[in-house]
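To start, the structure itself, in structure tokens.
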Amino acid sequence: EQPRVGLIGLGTMGAALSLNIAEKGHALAVYNRTGSVTDAFVKNAGDLAPRLTPTDSLENFVAAIAAPRVIILMVPAGSVVDDHIDALKPLLGADDLIIDAGNANFYDTERRAERARNEKFGFIGIGVSGGESGARHGPSIMVGGTEADWQRVAPMLEAISAKYEGTPCASLMGPGGAGHFVKMVHNGIEYADMQMIAEVYSLMRDGMGYKAPQVADVFEGWNKGRLESYLIEISAKVSRADDPISGNAMLDVILDKAGQKGTGRWTAIEAQQLAVPVPVIEAAVAARNLSARLEMRQRGAEHFGDAQKALEGEGIAATTLENALIAGKILCYAQGFEMLAAAAAHFKWDLPMPAIARVWREGCIIRSDMLNDMATALTNNPGDNLIFAEPFSGLLKECEADLRDTVIAATRAGIAVPALAAGLSWFDTVRTRRTSANMIQAQRDYFGAHGFERVDGKDEPHGPWAGHED
Ligand code: 6PG
């Protein structure tokens, strides 16, 4: 059977996705710049090898696929994608379709989709989440493209995607860059979820003196409750593991310097562009940046004394931390969905909010049970912020005190909890009738005559300082 689909880029994700596609019954042409990688991949594909056609040049790759072709790019995001599109262009026929499945910046996807409109071939950008095992056994897929192109590839993408109680975690999010935008926000939330888990871990390790296996016990317990999620599950697993080299807890030998490829940072940047406050995500990005400043942290600890102390008194109960994390998580998602709503309005995308929550229920890194309730809440309360929708409204009321106690206890002990604290400040602000922004307005008017609105509605936009000399 001649393949109708081809995949370029047999790195970790591309190889896993290829096997997934082949396993779902599709014959597939594959190509990698380094030919030996292609050969080794097909050689190791076992039962699936007969469905794979290895090719050694782009020309042979395109020729191996029956038209109209679907060509999946799984190459590093950035100029490599453009290089491949340029190289493929003269080889493609009418109605061929390129799918960029990498972690592209959505502006690049918008530009590429726009360009493809003037070409004979189509282009769609898909956000694929779930790491290597997701790509192999069922990722969550966020699609950006035209309805017609989506219809064309939906059967294949739905087949390879994760399923939540039988429902495929693959959906059309909107045109052009919409899929990659949703994936970007997913990653921002991923950073925030991870950071908040790291913060409660710090409270257990530094505030309570828990050893890694005790931390693992706590996370395992939480994974049976409201916090059930992939990230809590793997946090338990990494806390449980020992280092084969030293025999110590694995976590204790890992340097506290977090890496990042940039998608979380993009979320913070885009949120600022859209003027949407996503302080939990911003705090998580800043925390990764700060973690990298090892030297400064060592110097700071020496100069001012190590900030961290044991928590006062009895310390903090694991159930308090659990509730703090539940509240933090709700606040973070409330901000993330608000950002998606703002983007939908700004870019004129009809982003399907409940469908976004639905495709995140399985397959992706932030998958969790809570997302099922979020999908329902977003369906029942269209256009409203999640914090006002049940069960989240009730949960926030229930967990707020524990979030506050956690932030207070951490602050007193010098244990930094930037994401949890940012969530709490946001929550405090969104239910404050009168904030301090009147001071900002007065200052702006004083130094720049920028004017203000008055609480009594009177038409006098300046203060008595107008015309001041200093
Ligand atoms: C996913 C992940 C993935 C991400 C990496 C690393 O959804 O599968 O978000 O796409 O790129 O996990 O991201 P950082 O290097 O930025 O932490």
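Just a few scattered comments:
- Distant-in-sequence amide H partners of residue 364 (H built 1.01 Å from N, under 5 Å): 140
- In a fully extended conformation the segment linking residue 49 and residue 292 would gain 83.2 nm over its present Cα-Cα distance, using 0.36 nm per residue.
- Mean-position separation - Cα centroids, segment 190-236 and segment 401-470, in angstrom: 33
- Within a straight-line Cα-Cα reach of under 26 Å, residue 43 can be paired with the following lysines, leaving aside sequence neighbours fewer than 8 residues apart in one chain: 24.
- For residue 97, the residues 5 or more places off, or on other chains, whose built amide H falls under 5 Å of its own are 69, 70, 71, 122.
- Eligible aspartates and glutamates near residue 309 by straight Cα distance, threshold 13 Å, same-chain separation 8 or greater: 206
- Derived scalar couplings between HN and Hα for segment 458-468 equal 5, 8, 9, x, 10, x, x, 7, 3, x, 4 Hz in order, rounded to whole Hz, by the Karplus curve 6.51 cos²θ - 1.76 cosθ + 1.60 (θ = phi - 60°), x for Gly and Pro.
- Only Cα pairs under 8 Å and 6+ residues apart enter the sum, and on that basis the relative contact order of segment 183-429 stands at 29 percent.
- Built amide H within the under 5 Å cut-off of residue 242, gap 5+: 250
- Karplus 3J(HN,Hα) series, Hz, for segment 416-430 with 6.51 cos²θ - 1.76 cosθ + 1.60 (x for Gly, Pro): 6, 10, x, 6, 4, 5, 5, x, 5, 4, 4, 5, 4, 5, 6
- Residue-averaged [θ]222 nm for the chain, counting only DSSP H segments that reach four residues, each worth -39500 (n - 2.57): -16500 deg cm²/dmol
- Normalising the average separation of contacting C-alpha pairs (under 8 angstrom, six or more residues apart) by the number of residues puts the relative contact order of segment 114-240 at 19 percent.
- Listed by chain and number, the aspartates and glutamates whose alpha-carbon sits under 14 Å from that of residue 224, ignoring those within fewer than 8 places in the same chain, are 233, 322, 369.
- Eigen-decomposition of the gyration tensor built on the alpha-carbon atoms of segment 18-147 gives equivalent ellipsoid semi-axes of 23, 18, 14 angstrom, largest listed first.
- Karplus-derived HN-Hα couplings along segment 150-155 (A = 6.51, B = -1.76, C = 1.60, θ = phi - 60°), whole Hz, x at Gly and Pro: 4, 4, 5, 9, 3, x
- Shown here for segment 94-172: GluC sites (Glu not before Pro) in loop regions (DSSP other than H, G, I, E, B) with at most 15 other Cβ atoms within 10 Å, namely 119, 165.
- 0 to 90° range, to nearest 10: angle between helix 178-202 axis and the chain longest Cα axis: 50
- Relative contact order (percent, whole number), the chain, Cα cutoff 8 Å, 6+ residue spacing: 13
- Using 0.36 nm per residue and subtracting the Cα-Cα separation, the extra length available between residue 397 and residue 437 on full extension is 11.8 nm.
- Sites matching trypsin sites (Lys or Arg not before Pro) across segment 305-363 that sit in DSSP coil, with at most 10 neighbouring C-beta atoms within 10 Å: 348
- Each Lys or Arg adds one and each Asp or Glu takes one away; over the other residues whose Cβ falls under 15 Å from the Cβ of residue 277, this sums to -3.
- Entries of 237/348; 163/211; 261/329; 237/257; 120/163; 120/261 with Cα pairs more than 30 Å apart: 237/348; 163/211; 120/163; 120/261
- Neighbourhood net charge (9 Å Cβ-Cβ; Lys/Arg +1, Asp/Glu -1) for residue 326: -1
- Ratio of the Cα radius of gyration of the chain to 2.2 N^0.38 Å, where N counts its residues: 1.10
- Loop trypsin sites (Lys or Arg not before Pro), segment 405-454, which have at most 13 other Cβ atoms in a 10 Å radius of their Cβ (DSSP): 431, 433, 434, 454
None of the figures in this text is laboratory data; all of them are computed from the coordinates on show. These numbers were taken from a predicted model, which means no experiment stands behind them. As a convention, Cβ positions derive from the backbone with ideal geometry for all residues, glycine included, and neighbour counts pool all protein chains shown.
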